[in-house]
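Below is one structure, written out as C-alpha cells; comments come after it.
The values are calculated or read from the model by the stated rules, or taken from the named source; none is laboratory data. Values in this document were obtained by computation on a predicted structure and should not be read as measured data. Ideal geometry is used to build each Cβ from the backbone, glycine not excepted, and the neighbour counts take in all protein chains shown.
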Amino acid sequence: MGRDLRLVYQQIKYQNKIFWRTPVAAFFTLIFPLMFLVLFAALFGNDEIEALGVTTAQFYAPALAVFGAASATYTNLCTATSIARDEGILKRVRGTPLPPWIYIAGRVGSAIWMATLAVTLMMSVGIAFYGVEIVGRTFVAAVVSFLVGAAVFAALGLFVASLIPNGDTAPAVTNATLLPIAFVSDVFIPVEDPPVWLETLGNIFPLKHFVAAFGDAFHPALTGSGWSWSGVEFSELTGTGEYAIGLHIAVMAVWGVAAAFLATRYFKWEPQADRRAGRRRRKTQAQTSDS
Amino acid sequence: MAAITVRGLAKHYGELRAVDGIDLTVEEGEVFALLGPNGAGKTTSVEIMEGHRIRTRGQVDVLGFDPATGGRPYRERIGIVLQQTALERELKVEEAIHTYAAIYPRSRDVDEVIGIVGLEEKRTVRIKTLSGGQQRRLELALGIIGDPDLIFLDEPTTGFDPSARRQAWGLIDNLRSLGKTILLTTHYMDEAQHLADRVAVIARGRIVEEGTPHSIGGRHEGEATVRFSLGNTDPEELPEMARAGLDPTTEVITILTHTPTALLRTLTAWAIDRGIELDHLRVERPSLEDVYLRLTKDSEDG
Ligand SMILES: Nc1ncnc2c1ncn2[C@@H]1O[C@H](COP(=O)(O)OP(=O)(O)OP(=O)(O)O)[C@@H](O)[C@H]1O
Ligand SMILES: [Mg+2]
C-alpha cells in the first residue's frame, strides 16, 4: 500500500508536468477566470452591490474561483483524458502493472491540484488588489466545499470522457455544458428574482451549489460557520442571513457518486476508432461479438 | 517449459474471423516470430496474449496466467511494444523512462536502457521532437524497462534505419542470452531469419506453416537453384543440362537441381575445358522470403 501511495504521488507529479507543458490548458484554467474578475470590477466598479451586501469583487472572486476550479477538473480532465486515449496512451498504460485506479487517481489528483492553484490565485488577486476579505469562521467549510466540488467535477469530467468518442469533441461537449449552466448558477451574473424555471434549472445542476457553498463563505454579513443543513439567503431588509453547506454538499455528492459510478462502468482505455469500426461491421452484419 | 501455450484461439469481429483457430507454443527462452500479410491477424493474436483484447474462443496460457484475468502480477512479468506508437509528447525521453521504471517492482537501470536503445544524445529532449524511428526506440526502451521475462514486440523495428535495426537485433540477441522469451511480429524476412528460433506464417487468421527459419516450408530439402550469366559464350556451346535453362532476354541460365554439388562439378569442368569464366555463378536455396511469398500467395490482404 505504501508503494501504491508513492505511485499515486508520482503519477500526480507526472500529470502536473504535462499540464505545465500544455500552455493552452494552463492559460484557460488559471488566467482566463482572472480576466473576468478584472473585467467585471472595471465594468461595474468595486462598490458594494446593495442587493448582495458585498462589493463586486467580494462576490465575483469566489464565484470565478469556482468556475476556474470547474474548468480545471471538468473541462481539462475530460479533454486531456480523451486525447490521451486517442493517442493510445491509456491503452499503453493498461499494458503495464500500474493499477488503473492509480493512473486515474494521478489524473484526478493533478486536476484538483490545478483547481487549488486556480482558486488560490483568484482569491489572492482579489485580496491584494480588490479588497476581498476572508472570513476566518467559515474557512474550513470553504475548504471542504472546494474539495468536494473539485472531486465532483472531476468525476463528471471522467464521466463525459467515458461517453464521447474522441478528444476532438471533448472541449465542445464540456464547454457547451459548463458555460450555459454557469449563467444560471450565479457565476457571471448574480440573478435577482429570476424566473422560477431558471432558478430550478440552476438548483438541479451542481455548479450553483458549488458556487453557493464556497462563495457564501466569503460573505462577512452571513452568520454561522457553515456546518448546518440549509441556511438563509442574504436579505437586503435584515442585512444578514445564514451560511450553511449541508444541502449544497449533498446535491453535489449525488452528482459525483452517480458520475463516478457510470464512469467506472463505461470508461474505455482503447482508442475509439477501432471500436467504432468494429461496431459498424457488427451492425451491418447483424452479428454479436465483444470488443 | 512453455512460456506461451495457445489452443484453438479465435477472435471474431462480427462476420470477420480476424483470428480463426490458432495453436501456438513458445518455449521459455525462445525467440518466436509471427509473419504474415497485412490484416492476417498478428496484432489481434498478440494483443489477446497481452491481455489487451478479449478472445472469442480458445485457451491462452502465458507464464501460467490467463492474460484476460492476469492483472497486475501478470503485467509485472511482461513487456509490451505495441504496433502503434503511443507516447506523451511533452515529456522528455528520460522522464518517460523514469516514470515507467517506477511502475515495476524490479526495473532495469535507466541509463543502461537508454544506452541499449541508443538514445543517449536525446535523453533530455521532448519526445515530440524525436524522429519516428527514435520514438520507436523509446517504445522499445519502455518495453524492457521493467525487466520482463516475456516481451511482446509488434513490429518493433518498423521505421528503423538499417543500422538502428542491427542495433535492435543486438538488443534482442542480448535479451535472448539473458533467458528472456520473445514473441515478435515483423514484415522483414531478414529480421525473422536473423532473430527467430522459430517462425510461424499466419494468413487469414490461421497458421499456414511453422518451423525454424531454416527449414520452414521445406526450405532445406527443396531444389537448389544454380545460376550464371551467359557472357560471351555461344548458347549453342552450352552443355545439354544448361541449354533449357537459358532466358534469352536476360541471358541468365537457371538450373534447378537436387544435387547441386554434382551439377557444379560437371558445369565447372565444362567451363574450365573451354577456358570460360562463368559470370555471376551462384547456388541458391529458396530464401525465407520465397517460402513466405509462396505460403501467403492466395491471401493477399487477408
Ligand atoms: N477492433 C477491431 N474491430 C474490427 N475489426 C478489427 C479490429 N481489429 C482488427 N480487426 C480486423 O482484424 C483483421 C486482423 O487485423 P490485425 O491487426 O490483427 O492484422 P495484422 O496481422 O496485425 O496486420 P498488419 O501487418 O497490417 O499489422 C483485419 O482484417 C482487421 O481489419
Ligand atoms: Mg499488426
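Observations
- Single condition A:THR138 does not satisfy, out of (1) without any contact (Cβ under 8 Å) to a residue 60 or more places away in the chain; (2) surrounded by 14 or more Cβ atoms within 10 Å (Cβ to Cβ); (3) over 19 Å from A:ALA70 (Cα atoms): (1)
- For the stretch B:21-40, the candidate set comprises residues that are within 16 Å of ligand 2 (Cβ to nearest atom) and farther than 21 Å from B:THR181 by Cα; within that set, the residue that is farthest from the chain's Cα centre (by Cα) is B:GLY39.
- Selection within the stretch B:28-47 - β-branched (Val, Ile, Thr) and either away from chain A (no Cβ under 14 Å) or within 7 Å of ligand 1 (Cβ to nearest atom) (or both): B:VAL31, B:THR43, B:THR44
- Residue match in the stretch B:258-268 (condition: exposed (fewer than 13 other Cβ atoms within 10 Å of the Cβ) and assigned to a loop (DSSP other than H, G, I, E, B)): yes
- Positions within the stretch A:1-48 being farther than 23 Å from A:MET114 by Cα, buried (at least 18 other Cβ atoms within 10 Å of the Cβ) and not small (Gly, Ala, Ser), in sequence order: A:PHE40
- Tabulated pairs, the stretch B:1-25, first free of Cβ contacts under 8 Å to residues at least 24 places away in the same chain, second part of a loop (DSSP other than H, G, I, E, B), C-beta under 7 angstrom, 6+ apart or interchain: B:TYR13/A:SER289; B:GLY14/A:GLN287; B:GLY14/A:SER289; B:GLU15/A:GLN287
Per-residue answers, yes or no, for (1) closer than 30 Å to B:SER45 by Cα; (2) exposed (fewer than 13 other Cβ atoms within 10 Å of the Cβ); (3) without any contact (Cβ under 8 Å) to a residue 12 or more places away in the chain:
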| position | (1), (2), (3) |
| --- | --- |
| B:ARG206 | yes, no, no |
| B:ALA224 | no, no, no |
| B:GLU240 | no, yes, yes |
| B:THR249 | no, yes, yes |
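- Scanning the stretch B:158-188 for residues that are polar (S, T, N, Q), in contact (Cβ under 8 Å) with a residue 40 or more places away in the chain, over 21 Å from A:PRO97 (Cα atoms) and more than 16 Å from ligand 2 (Cβ to nearest atom) yields B:GLN167, B:ASN174.
- Members of the stretch B:89-122 found to be over 26 Å from the mean Cα position of the chain (by Cα) and not in a helix (DSSP H, G or I), listed by number: B:ARG89, B:GLU90, B:LEU91, B:LYS92, B:TYR104, B:PRO105, B:ARG106, B:SER107, B:ASP109
- Condition check for B:THR25: among the polar types (S, T, N, Q) and within 14 Å of chain A (Cβ to nearest Cβ): no
- Of all residues in the stretch B:145-157 being farther than 15 Å from B:ARG75 by Cα and within 12 Å of ligand 2 (Cβ to nearest atom), the one that is nearest to the other protein chains (Cβ to nearest Cβ): B:ASP154
- B:ILE48 within 16 Å of ligand 2 (Cβ to nearest atom) and part of a strand (DSSP E or B): no
- Matching residues, the stretch A:224-262, being at pLDDT 90 or above and farther than 21 Å from A:PHE146 by Cβ: A:PHE261, A:LEU262
- Residue list for the stretch B:90-102, filter: facing chain A (nearest Cβ under 8 Å) and in contact with a strand residue (DSSP E or B) (Cβ under 8 Å, 6 or more places away or on another chain): B:GLU90, B:LEU91
- Taking the stretch B:48-80 as the range and being small (Gly, Ala, Ser), over 20 Å from A:TRP101 (Cβ atoms) and facing chain A (nearest Cβ under 10 Å) as the test, only B:GLY79 passes.
- Pair list, Cβ < 7 Å and 6+ apart or interchain, from the stretch B:29-43 residues that are closer than 17 Å to B:GLY217 by Cβ to residues that are among the basic types (Lys, Arg) and within 15 Å of ligand 1 (Cβ to nearest atom): B:LEU34/B:LYS42; B:GLY36/B:LYS42; B:ALA40/B:ARG204
- Residue check for B:LEU142: closer than 23 Å to B:VAL62 by Cβ and away from ligand 2 (no atom under 16 Å from the Cβ): yes
- When the residues of the stretch B:48-75 are filtered to those that are of a type in the set (S, T, N, Q) and in contact (Cβ under 8 Å) with a residue 12 or more places away in the chain, the one that is farthest from ligand 1 (Cβ to nearest atom) is B:GLN59.
- Matching entry among B:GLY217, B:GLY222 (being at positive phi and of a type outside the set (Lys, Arg)): B:GLY217
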